[in-house]
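Just below is one structure, and these are the notes that go with it.
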Amino acid sequence: MELLKEVVGKVARVAVLYQANNARNMFEFKEVLPASARALGLTLQRSEVSDADDFERVFAAINKDRPDGLHVLGGPLMNANVKRTIGFALKSRLPSVYERREDVEAGGLMFYGADEAESYQRVAYFVDRILKGAKPADLPVEQPTKVEFAINLQTAKKIGLTIPPQVLARANKLIK
């Protein structure tokens, strides 16, 4: 959210597109994102889908309300329909933030999150420890230590958005 505000400038309302029957999405929409939005003075627009048939209806509602940005949460339904969400964001000229780097490689505007390769390496480490007899309850809980910030410059150009130089300098992956 903070990066979206930095990139767009005068962002006030952000549509959050998420899967209604996904527990992680519901937690993120109800518990995590509101705190960030309040801190940044943003209003969140609820945009939930339950199945693949909901997308066109939700896209029409988003267009009607005309938010300043789009935050797409992950999950099976969202991942399976990422081309639709990217196409919608491009057509509507909405700056978009995604929860997977590959979504930005496919045409989304930005991604900020845990480095997947490092995360999978840590998972392998814990699986190895468990297979060697460690009790899962005795293993520490870890948070990601390496994050990625990717920006799709082609998408920025298509929607008429100029990414500020200070934001570009922080990105570790620029898609040209």
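The values are calculated or read from the model by the stated rules, or taken from the named source; none is laboratory data. Note that this is a predicted model, so its numbers are computed, not measured. Virtual Cβ from ideal backbone geometry, glycine too; neighbours counted across all protein chains shown. Side chains are part of the model used for accessible areas, which takes the heavy atoms of the whole protein and leaves out ligands, DNA and RNA. Shrake-Rupley method; radii C 1.70, N 1.55, O 1.52, S 1.80 Å.
On a C-alpha basis, how far is the centre of the stretch 50-81 from the centre of the stretch 5-26 in Å? Whole number, if you could?
For the stretch 50-81 versus the stretch 5-26, the Cα centre distance is 10 Å.
Where the only charges are on Cβ atoms (+1 Lys, Arg; -1 Asp, Glu), what is the dipole of the stretch 1-147 about its Cα centre, to the nearest 20 debye?
In total the dipole reaches around 320 debye.
Report the residue, chosen from LEU70, LEU33, LEU94, that carries the largest GNM mean-square fluctuation when the chain is represented by alpha-carbon nodes joined by springs under 10 Å.
Residue with maximal mean-square fluctuation among LEU70, LEU33, LEU94: LEU33.
Using a Cα-Cα cut-off of under 15 Å, which aspartates and glutamates could be cross-linked to LYS173, ignoring same-chain neighbours fewer than 8 residues away?
Excluding near neighbours in sequence, the set is GLU99, GLU102, ASP103, GLU105, ASP115, GLU116, GLU148.
Hey, what do the phi angles of the stretch 24-35 turn into as Karplus ³J(HN,Hα) couplings, whole Hz, using 6.51/-1.76/1.60 and θ = phi - 60°, x for Gly and Pro?
5, 4, 5, 4, 4, 5, 8, 10, 8, 5, x, 5
Run through the DSSP bridge list for the chain and note the antiparallel percent, rounded to the nearest 5.
Given both bridge residues lie in the chain, the antiparallel proportion sits at roughly 20 percent.
Can you spot the lysines whose alpha carbon is less than 29 Å from LYS64's alpha carbon? Ignore those fewer than 8 places along the same chain.
LYS5, LYS10, LYS30, LYS83, LYS91, LYS157, LYS158
Would you work out which of PHE55, ALA117, PRO136 lies farthest towards the positive end of the dipole of the chain? Charges go on Cβ: Lys and Arg +1, Asp and Glu -1.
Farthest towards the positive end: PHE55.
On the accessible surface of the chain, probed at 1.4 Å, how many percent belong to carbon and sulfur atoms?
Of all accessible area on the chain, carbon and sulfur atoms account for 54 percent.
What is the set of long-range amide H partners of GLY108 at a cut-off below 5 Å, with H atoms built 1.01 Å from backbone N?
Amide H to amide H, under 5 Å and 5 or more residues apart or across chains, GLY108 pairs with nothing.
Heavy-atom accessible area per residue, the stretch 56-170, 1.4 Å probe: how many Å²?
Per-residue accessible area for the stretch 56-170 comes out at 57 Å².
Quick one: what are the phi-derived ³J(HN,Hα) couplings along the stretch 91-102, Karplus 6.51/-1.76/1.60 with θ = phi - 60°, whole Hz, x for glycine and proline?
The phi angles translate into 4, 8, 6, 9, x, 10, 10, 10, 9, 9, 4, 5 Hz.
Just order 20-28, 84-92 by mean Cβ neighbour count inside 10 Å, highest at the front, would you?
84-92, 20-28
Using each residue's phi in the stretch 159-176, evaluate 6.51 cos²θ - 1.76 cosθ + 1.60 at θ = phi - 60° and report the 3J(HN,Hα) Karplus result to the nearest Hz, with x for Gly and Pro.
Each residue's phi maps through the Karplus curve to give 9, x, 10, 9, 7, x, x, 5, 7, 4, 5, 8, 6, 9, 8, 10, 9, 9 Hz.
Toward the positive end of the charge dipole of the chain, about the Cα centre and with charges on Cβ (Lys, Arg +1; Asp, Glu -1), which of ALA80, TYR18, LEU42 goes farthest?
Toward the positive end, the furthest listed residue is LEU42.
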